[in-house]
1. Around Ser105, which amide H atoms from residues at least 5 apart in sequence, or from another chain, sit under 5 Å from its own amide H, with H modelled in the peptide plane?
2. What list of ³J(HN,Hα) couplings, whole Hz, do you get for the range 95-104 from phi and the Karplus terms 6.51, -1.76, 1.60, once you set θ to phi - 60° and write x for glycine and proline?
3. Please list, in chain and number order, the residues 5+ apart from Trp130 or on another chain whose amide H is under 5 Å from its amide H, with Hs placed from the backbone.
4. Work out from phi, with θ = phi - 60° and the Karplus expression 6.51 cos²θ - 1.76 cosθ + 1.60, the ³J(HN,Hα) of each residue of the range 43-54, listed in order in whole Hz, and give x for Gly and Pro.
5. If r is the Cβ-Cβ distance from Thr131 to Val61 and R0 is 25 Å, what FRET efficiency results, to the nearest 0.05?
6. How far apart, in nm, are two points set 7 Å out from the Cα along the Cα-to-Cβ line at Asp72 and at Ser44?
7. Once phi is turned into ³J(HN,Hα) by the Karplus curve 6.51 cos²θ - 1.76 cosθ + 1.60 with θ = phi - 60°, what whole-Hz value does each residue of the range 69-86 show in order, with x for glycine and proline?
8. Give the share of C-alpha pairs in each 10 angstrom bin for the range 44-126, from 0 to the last occupied bin, in whole percents, shortest bins first.
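Just so you know, all these numbers are worked out from the coordinates, no wet-lab data involved. This is a predicted model, so every value here is computed, not measured. Note that we place each Cβ from the backbone using ideal geometry, even for glycine, and neighbour counts take in every protein chain shown.
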Amino acid sequence: MKKILIAVGITILGAVAAIAGHHEGNETPANVPAKLSKADLSGSIFERPDTLETKHQDGHVTLDVTSLLSSDKKFASGMYRSGKTRAEIKEPYGVDEFMYFLEGSVTLTSSDGSVQVINAGEGVTVAKEWTGIWDTDGYTKIWVIYSGDGSGL
């Protein structure tokens, strides 16, 4: 479930938590800075062999690349691309995640009814306790995730 969160969010949101998860592949070692080049940011990062491609039950496809995974597995960063999806996150998100949207947008409707629209060129931080609805026509984002116990990565 946490992997889906990361996904939506990361899949759905990155999750939402199981939507598309993070993996260990060719990410940069934690003792070396993890650079995202202009070419990476324009989409070429998704051509890497360690790109995780996931087709979800609703038919949308996500691409996820981890650029850095800390040695204690509590902190990670990378890029994520998702097609159109709507997900209701009923369980807490599971990780603290900062997202910066390069393309597209997402509408976040929190369980308390508040609504935020995050557009390309804007960022948002979602707390691990967040629940609500993640709705998008598609997006590309840079993500940074922290999980205090390392279990969400």
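1. So Ser105 has HN proximity to Asp137, Gly138.
2. Going residue by residue, I get 9, 8, 9, 9, 10, 10, 8, 8, 9, x Hz, with x marking Gly and Pro.
3. Close amide H contacts, sequence-distant or interchain: Tyr93, Gly94.
4. x, 5, 4, 6, 8, 5, x, 8, 5, 8, 9, 10
5. E(calc), rounded to 0.05, equals 0.50.
6. Inter-label distance under the simple model: 3.5 nm.
7. For the range 69-86, the Karplus curve yields 10, 5, 4, 8, 6, 9, 9, 8, 9, x, 10, 9, 10, 9, x, 4, 7, 9 Hz.
8. 14, 43, 38, 6, 0
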